[in-house]
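First comes the structure, then the notes that go with it.
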Amino acid sequence: MTQENFNFMDLLDDDAWFEASARREESVDCEALAGYGWGTHLGAVMSNPQGYSHVAQLRSMVMQAWKQLVTEWDLGIGAEAAEAKGQALIMERLHRPEPEIQEILMALLEAKLSKPEGEWEMTEFVHSQIRAVFGKVLTQKDWRAIAESARDRIYAQVLRQELVVVERL
């Protein structure tokens, strides 16, 4: 299916996609919504689209660094749950960050914006700076919740396999 003839409704007939989406929604332990959920902030976004674009770029940088970190943990089937839980917690913690965190993130964004389109890279330095932010904004309880989400996903998968083996006997 190409982008020109893509129809979102066709995905609803794809059982594998539908099941994967349902698993993702269940794994985040919170309400999963479609779209950006701008609500009362839509006017502010529309009045400053460039500012929104910068926020979206910063969010993308942070989530890219988070995804790489989770990938490095090699959690297998639990990675998706850990990634989703961590993303939710990070976005919650960065909703109103401390001035020190704001300075770090704004410096990274300014460095990105100072480069011509396509020339900026997520270097190891950038990743380390964003990881330092994770260490400062995520609490011990948050890290436990992330680990528990991965553990629960792995546990469920093992139990599912146990049922498959028993059914085959």
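To keep it simple, each residue is scored yes or no on (1) closer than 20 Å to GLN68 by Cα; (2) open to solvent by less than 40 Å² (accessible area, probe 1.4 Å); (3) in contact with a helix residue (DSSP H, G or I) (Cβ under 7 Å, 6 or more places away or on another chain); (4) assigned to a helix (DSSP H, G or I).
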position	(1), (2), (3), (4)
HIS95	no, no, no, no
LEU105	yes, yes, yes, yes
GLU117	no, no, no, no
TRP120	yes, no, yes, no
ARG131	yes, no, yes, yes
ARG144	yes, no, no, yes
GLN161	no, no, no, yes
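Residues of region 70-83 that are open to solvent by 20 Å² or more (accessible area, probe 1.4 Å) and hydrophobic (A, V, I, L, M, F, W, C): TRP73, LEU75, ILE77, ALA79. Checked against (1) surrounded by fewer than 16 Cβ atoms within 10 Å (Cβ to Cβ); (2) in contact (Cβ under 8 Å) with a residue 60 or more places away in the chain; (3) of a type outside the set (Asp, Glu), SER149 meets all criteria but (1).
The values are calculated or read from the model by the stated rules, or taken from the named source; none is laboratory data. Since the model is a prediction, treat every value here as computed from it, not as a measurement. So basically every Cβ, Gly included, is an ideal-geometry build from the backbone, and we count neighbours across all protein chains shown. To get the accessible areas, we keep the full protein, side chains included, count just its heavy atoms, and leave off ligands, DNA and RNA. Shrake-Rupley method; radii C 1.70, N 1.55, O 1.52, S 1.80 Å.
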